[in-house]
Amino acid sequence: VRLTESGGGLVQAGESLRLSCTPSPETPNTFTILTMAWFRQAPGREREFVAAISRSDGLTTIYADSVKGRFTISRDKVKKVMHLQMENLRLEDTAVYYCNAKKPSGVGEYSDYWGPGTQVTVSA
């Protein structure tokens, strides 16, 4: 599975951005079975979890406390794309954002896939 992120850029604090992640699936059904998430990594810091969405209809979402109430993760099973809508961006949201996908590979086992990342820079 190859993941491609888009939508990063430079914005001012308080503004919004929407990131997108498009998997290149191996089969037409692959997008449906992927559990997907966003992570981010700021300079000098470890990669951290941002948000995740369950496979299929994406009825379950979870967020890091730092983005709860400001970011919304969603997935469109028809267009086969995942989004991260980011509102009220803060300076501390500046980071490279990575799309992550987990594909079942056995009972209780998953294969991890990562995109190359997209830069989000928030200025004062």
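Couplings 3J(HN,Hα) of the range 84-99, computed from phi: 10, 8, 10, 10, 6, 5, 10, 4, 6, 7, 4, 4, 8, 9, 10, 8 Hz, in residue order, whole Hz [Karplus 6.51 cos²θ - 1.76 cosθ + 1.60, θ = phi - 60°; x for Gly and Pro].
Once the piece of chain linking Leu10 and Lys77 is laid out straight, how much longer is it, given 0.36 nm per residue of separation minus the C-alpha distance between them? Show your work: numbers first, answer last.
Details: separation 67, 0.36 × 67 = 24.12 nm, distance 2.86 nm.
Taking 0.36 nm per residue and subtracting the Cα distance, the gain is 21.3 nm.
Note on the chain: with neighbouring protein chains present and a 1.4 Å probe, carbon and sulfur make up 50 percent of its accessible heavy-atom surface. Where the centroid of each part is defined by its Cα atoms, how far is the range 79-120 from the range 19-70 in Å? Their Cα centres are 4 Å away from one another.
Projected over all directions and averaged, the alpha-carbon convex hull of the chain occupies 7.5 nm². The mean accessible area for residues of the chain, using a 1.4 Å probe and ignoring ligands and nucleic acids, is 54 Å² per residue.
Given Cα pairs under 8 Å that are at least 6 residues apart, what percent is the relative contact order of the chain?
Details: 294 pairs, mean separation 42.5, N = 124.
With pairs under 8 Å counted, the relative contact order is 34 percent.
Computed over the chain, the per-residue total of -39500 (n - 2.57) for DSSP H runs of n ≥ 4 gives a 222 nm mean residue ellipticity of -500 deg cm²/dmol, rounded to 500. Once you order the gyration tensor axes a ≥ b ≥ c over the Cα atoms, which shape class does the range 60-106 get: rounded for a/c under 1.5, otherwise prolate or oblate by comparing a/b with b/c? Prolate.
Checking the cross-link filter: which lysines have an alpha carbon closer than 22 Å to that of Lys77, excluding same-chain neighbours under 8 positions apart? Candidates past the 8-residue exclusion: Lys102, Lys103. For the range 1-55, the Kirkwood estimate of hydrodynamic radius, built from reciprocal distances between every pair of different alpha carbons, is 13.3 Å.
The values are calculated or read from the model by the stated rules, or taken from the named source; none is laboratory data. If you're wondering where the values come from, they're calculated on a predicted model, not measured in any experiment. With ligands, DNA and RNA removed, areas are computed over all heavy atoms of the protein, side chains included. Shrake-Rupley method; radii C 1.70, N 1.55, O 1.52, S 1.80 Å.
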